[in-house]
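To start, the structure itself, in structure tokens.
Read-outs throughout are calculated quantities, based only on the coordinates presented, and are distinct from any laboratory measurement. Predicted, not measured: the structure shown is a model, and the values here were computed from it. Virtual Cβ from ideal backbone geometry, glycine too; neighbours counted across all protein chains shown.
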Amino acid sequence: MSFPGSGLAKGLAVTLRTMTKRSVTAQYPDVQPDLAPRTRGVIGLFEENCTVCMLCARECPDWCIYIDSHKETVPPAAPGGRERSRNVLDRFAIDFALCMYCGICIEVCPFDALFWSPEFEYAETDIHDLTHERDKLREWMWTVPEPPALDPAAEEPKEIAAARKAADKLAAQQAAEAAARNESQNESQNQNPDTEEEGT
């Protein structure tokens, strides 16, 4: 059962409690905030990895990624080979006025060309300036933090395990070939001791 004015008393109690605490003010922009490691700021482009597969543009629910490219003919690597064609990136732009930061483009990129950057200071006075071209996206690439270290108790990734197994197998094969070579050289020296004495 509540008495008249109990709500007012509770509100005043909260006010009195908070009056005695020191207020904490974020001194932005003089002091930059501490952002979480997985902050979604902007999208950085590592264009060397981009093959113009267009997956990011096709999967984007907002259609805010614009890609232009052209084909170039690559001469054959060896004589008698055939020429190949490859896509060359001409334009890669993201309209951050439309982007909803869902991260689908980063997830579907099969060649690791797109990354989250914690940069968030890119406000513009004109909405048309929020379409950032690949030069700006490239600058943001260098602000992408390194991936967190793996848990020491975690299982080793299958790709690394397979690569290590292949490397160990190759090293063992090379060691066996070197041992066989040394053994054959020793046998040939043991079979022809006279030739060594004549040479001396």
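Numbers for the structure displayed
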| read-out | value |
| --- | --- |
| Candidate aspartates and glutamates for bridging to residue 158, where Cα separation is under 17 Å - those fewer than 8 sequence places away on the same chain excluded | 168 |
| Simple Cβ-charge dipole of the chain, Lys/Arg +1 and Asp/Glu -1, about Cα centre, in debye nearest 20 | 1560 |
| Rounded Å value of the spacing that divides the Cα centres of the range 142-169 and the range 49-125 | 26 |
| Contact order relative to length of the chain, as percent, for alpha carbon pairs under 8 angstrom and 6 or more apart | 22 |
| Fraction in percent of alpha-carbon pairs per bin - 5 Å, the chain | 1, 5, 8, 9, 9, 8, 8, 8, 7, 7, 6, 5, 4, 4, 3, 2, 2, 1, 1, 0, 0, 0, 0, 0, 0 |
| Loop sites in the range 1-91: GluC sites (Glu not before Pro), DSSP, at most 12 other Cβ within 10 Å | 83 |
| Max mean-square fluctuation residue, GNM over the chain, Cα-Cα springs under 10 Å, options 116, 140, 63 | 63 |
| Longest exposed-site-free window of the chain, the sites being trypsin sites (Lys or Arg not before Pro) in a DSSP loop that have at most 11 other C-beta atoms within 10 Å | 83-200 |
| Whole-number D in µm²/s for the range 90-200 (Stokes-Einstein; Kirkwood sum over Cα pairs; 20 °C, 1.002 mPa s) | 104 |
